[in-house]
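What follows is a structure written as structure tokens; I'll ask about it next.
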Amino acid sequence: MHYLKSGLVLLAGLCLVSCKEKTSLAVSHIKAKQIAVAADIEEDPKITAFIQPYKEHIDKEMNSVLSFTPKTLSKNDGELNTAIGNMEADAVLEMATPIFQEREQKSIDAVLLNHGGIRSIISKGDITTKTAFNIMPFENELVIVGIKGKHLHAMFEYLAQNQTAHPLAGMQLILDKNGSIKSKKIQGKNLEDDRLYYIATNDYLMEGGDRMDFFKKKETATYIDYKLRNLFLDYFKKHDTINPLRDQRFIQE
């Protein structure tokens, strides 16, 4: 029994020493080897066969036809407003307003998205699920910002100075020949400084993305669990033909 106790004490001591030594170990150097991924790498038939059913399912889903457009739509077809930008903003106003009214008993006054968020053209012909993913590959959420009219003067100043075809709906901005603001309206009316307006935008812009810092003056922010991509998908499904036009919502005389 004495020897057994001694053996146990010795074993415990060795364990403590060993554990202590392990905690003091540190990486002395790292070796790495670059493995290039090139087109001449042979496919593994087993892996290809395994993923093939999933690929076919995704391809079928992405290529499903939702709508049709008689012309190619590009964000570069206008200086201050474009057909594709107008379509996106109008889609937000149309699809999100009923949801906002039902949940909050309020209406969306206007929409402001960003020109850079349009990531692809919409080619003439069939509009598919893939089309929506191409024009909106991001996971941006729609959010309705409640902001006083006195802070929206800065929004119009931003648009006038930026002079970019950001998608707009529910508002109009007219510049004179010198680029100064001649007229600015929301829902056809002049701004009321003390009125709370509800502007639909995306979460990136609400946080000041693209230097839209005026959104930081918001008083409320309402998410309606609607990604912009899903909204566009629903809009395409709702309309069998998509044929937006450039108009007078943002112009320079």
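Laboratory data are not the source of any read-out in this text; all were calculated from the coordinates shown. This is a predicted model, so every value here is computed, not measured. Cβ sites come from the backbone with ideal geometry, for glycine too, and all protein chains shown count toward neighbours.
Subtracting the Cα-Cα distance from 0.36 nm times the residue separation, let me have the gained length for Ala36 to Phe50 in nm, one decimal.
2.7 nm
I'd like the distance separating the alpha-carbon centroids of segment 43-80 and segment 95-122, in whole Å.
That distance is 25 Å.
Are there any GluC sites (Glu not before Pro) in segment 108-178 that are in a DSSP loop and have at most 12 other Cβ atoms within 10 Å? List them by number.
Taking segment 108-178 and a limit of 12 other Cβ atoms within 10 Å, the loop GluC sites (Glu not before Pro) found are Glu139.
Shape verdict for segment 184-253, please, from the Cα gyration tensor: rounded (a/c under 1.5), prolate (a/b greater than b/c) or oblate.
Oblate.
Also, I was wondering about something else. Under unit Cβ charges (Lys, Arg +1; Asp, Glu -1), what dipole magnitude, rounded to 20 debye, does the chain have relative to its Cα centre?
So the magnitude is around 640 debye.
Continuing with this model, one more query. Pick out, in residue order, every one of the GluC sites (Glu not before Pro) in segment 27-61 that is DSSP loop and has at most 16 other C-beta atoms within 10 Å; say none if there are none.
Filter output for segment 27-61: Glu42, Glu43.
Something else about it: Using amide H atoms built 1.01 Å from N in the peptide plane, name the residues 5+ places from Lys182, or on other chains, whose amide H lies under 5 Å from its own.
HN-HN under 5 Å from Lys182: Ile174, Leu175, Asp176.
If the only charges are +1 at each Lys and Arg Cβ and -1 at each Asp and Glu Cβ, what is the size of the charge dipole of segment 98-146 around the Cα centre, to the nearest 20 debye?
Computed about the Cα centre, the dipole is about 220 debye.
Another one. Does segment 62-252 come out rounded, prolate or oblate by the C-alpha gyration tensor, with a ≥ b ≥ c the root eigenvalues, rounded set by a/c under 1.5 and, if not, prolate when a/b is larger than b/c and oblate if not?
oblate
So for the chain, taking the charge dipole from beta-carbon charges (+1 Lys/Arg, -1 Asp/Glu), which of Leu191, Val27, Thr201 sits furthest toward the positive end?
Farthest towards the positive pole: Val27.
Here is a further query. Decide, for segment 151-207, between rounded, prolate and oblate: order the square roots of the alpha carbon gyration tensor eigenvalues as a ≥ b ≥ c, take rounded if a/c falls under 1.5, and otherwise choose prolate if a/b is larger than b/c, else oblate.
The shape class here is oblate.
Now a separate question. Exceeding 27 Å between C-alpha atoms, which entries from my cross-link table qualify? They are Lys185/Lys217; Lys184/Lys237; Lys148/Lys182; Lys216/Lys237; Lys106/Lys185; Lys185/Lys218.
With Cα atoms farther than 27 Å apart: Lys184/Lys237; Lys216/Lys237.
Sticking with this one: Given the -39500 (n - 2.57) contribution per DSSP H run of 4+ residues, what per-residue ellipticity at 222 nm results for the chain, rounded to the nearest 500 deg cm²/dmol?
Rounded to the nearest 500, it is -12500 deg cm²/dmol.
How many angstrom lie between the Cα centre of segment 184-212 and the Cα centre of segment 226-253?
Answer, in whole Å: 19.
For the chain, with a Gaussian network of springs between Cα atoms less than 10 Å apart, report the residue from Lys60, Lys184, Lys46 with the top mean-square fluctuation.
Largest GNM mean-square fluctuation: Lys46.
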